[in-house]
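To start, the structure itself, in structure tokens.
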Amino acid sequence: MPTITYPEELPQRVDKFLAKKYPEFSRRFFQDGLKNKEILINGKSKSPSYKLKEGDEIEIKLSLKKPAEITELPPNEKVKINIVAKYPDFLIINKPVGLVVHPSIFDVRNNSIPPTLAGGLIAEFPELQKVGEDFTRPGIVHRLDKNTSGLMIVPLTQKSFEEFKKMFRHHLITKTYLALSWNLQKGVANPKSYKEPKLYKTISTPIGKSTKEHTKQATAKNPGRLINPKEAITLYKIIGYDKFPCRHKVGKIKKQEKTVALIKAKPQTGRKHQIRVHLSSIGLPLVGDSQYTSRLLKNCNKNFPYHLLQAHKLEFTYRGKKYSFTAPAPEWLENDS
């Protein structure tokens with residue numbers, strides 16, 4: 001287990017330095033090692049963002065022997081699949097909060113596969129190993145964020161996989177989400193007298209990577225402000241208002257109530273973090289979403305371990321037959337009521 005002395009005068013993040021020194025390992029590999037106290041700086045635990053100074057001693061307790069890359073995703077029997085409906089060609093499942101859909105390329109390269117939906121699926125349905133375009137994503141034709149719960153379609157055959165892929169590409173599958181958002185819009189109606197509108201409003205600003213933070217998505221009326229912008233359209237309507245207590249300081253005000261809005265959203269395109277980015281852009285950032293929420297609400301979000309978003313309903317026609325599935329109300333909505 002090596003101990004390295006940082007030789008440079010110019011400070012540098014420890015995770016970046018180690019990833020450059022050992023390019024066969026990912027930066028995330030070293031970030032996890034730092035978080036798990038398997039990498040110490042001068043005998044002490046440090047965060048991945050710690051900037052090394054000349055003479056710092058880096059003690060690595062991780063094995064730096066490159067593991068063999070996997071060529072087949074291992075099943076994970078500990079991941080239980082909540083099956084809503086099963087047909088000969090496909091499943092409808094309800095993904096829980098906190099579960100990653102499939103491993104990343106870095107997980108595969110380092111042979112360190114975390115619990116994933118894909119691993120749980122092939123434990124229950126081994127035939128899925130031969131379904132899809134990539135062995136790391138068996139039966140996965142669309143995705144949800146780790147902390148987004150709700151309904152997903154899982155094709156059981158390669159033929160149905162190709163059909164559903166085509167349906168998603170041509171927007172022939174209607175997805176309805178439930179979201180709970182902080183309401184930063186002006187002119188909020190009285191929550192008790194508010195009535196759900198019949199029509200949806202449209203958000204149609206393009207989405208791309210943020211030029212300021214490359215780990216985040218962003219939206220702007222001017223696509224020139226984005227990296228690789230793409231068309232993005234979201235239909236939404238507010239179906240109710242309520243008040244949430246915020247036990248933390250917001251700005252200079254302590255312990256206040258904040259208005260929240262319950263929203264139905266229908267993405268018409270499939271951009272990364274689309275609903276979260278679009279709703280935040282019009283003053284409706286998701287409750288619990290620290291990545292796309294105003295800094296003023298950062299403390300309020302401490303009450304929530306994840307953003308409050310559920311893929312609530314799926315509707316489509318498959319081989320001439322209409323299907324419609326609705327998930328049970330999410331836990332956060334039941335608790336609120």
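The values are calculated or read from the model by the stated rules, or taken from the named source; none is laboratory data. For clarity, every value in this text was computed on a predicted model and none was experimentally measured. So basically every Cβ, Gly included, is an ideal-geometry build from the backbone, and we count neighbours across all protein chains shown. Note: accessible area is taken over every heavy atom of the protein model, side chains too, but ligands, DNA and RNA are not part of it. Shrake-Rupley method; radii C 1.70, N 1.55, O 1.52, S 1.80 Å.
Rounded to the nearest 20 Debye, what is the dipole magnitude of the chain about its Cα centre when Lys and Arg each give +1 and Asp and Glu each give -1 at the C-beta?
Working: 60 positive and 32 negative charges, 307 e Å.
Once rounded to the nearest 20, the dipole reads 1480 debye.
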Accessible area per residue in Å² at 1.4 Å probe, computed on segment 70-176: 48 Å²
The chain - Rg (one decimal) and Dmax (whole number), Cα, Å: 22.6, 69
Extension gain, ILE4 back to SER204 (0.36 nm per residue minus Cα-Cα distance, nm): 66.9 nm
Extension reserve of the ILE105-ALA220 stretch, reckoned as 0.36 nm per residue once the Cα distance is removed: 38.4 nm
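Would you calculate a helix-derived [θ] at 222 nm for the chain, using -39,500 (n - 2.57) for each DSSP H run of n ≥ 4 and dividing by the full residue count, to the nearest 500? Each step should come with its number before you reach the end.
Working: 7 runs with 56 residues, N = 337.
Calculated at 222 nm, the ellipticity per residue is -4500 deg cm²/dmol.
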Fluctuation leader among HIS170, HIS142, HIS278 - the chain, Gaussian network, Cα springs under 10 angstrom: HIS170
With all protein chains modelled, accessible area of VAL101 [1.4 Å, Å²]: 10 Å²
Cross-link pairs LYS37/LYS66; LYS159/LYS313; LYS46/LYS95 - those with Cα-Cα distance over 27 Å: LYS46/LYS95
Cα-based equivalent ellipsoid, segment 105-163: semi-axes from gyration tensor eigenvalues, Å: 19, 15, 11
Gaussian network model of the chain, Cα within-10 Å springs - most flexible of ASN36, ASN94, ASN147: ASN36
For segment 9-166: span of alpha carbons on each principal axis (Å, largest first): 63, 28, 28
Listed residues LEU52, LEU286, LEU309, most fluctuating in the chain (Gaussian network, C-alpha, under 10 Å): LEU52
Simple spin-label estimate for LEU172 and GLU59 in nanometres, 7 Å along Cα-Cβ: 6.1 nm
Whole-percent carbon and sulfur share, accessible surface of the chain, 1.4 Å: 49 percent
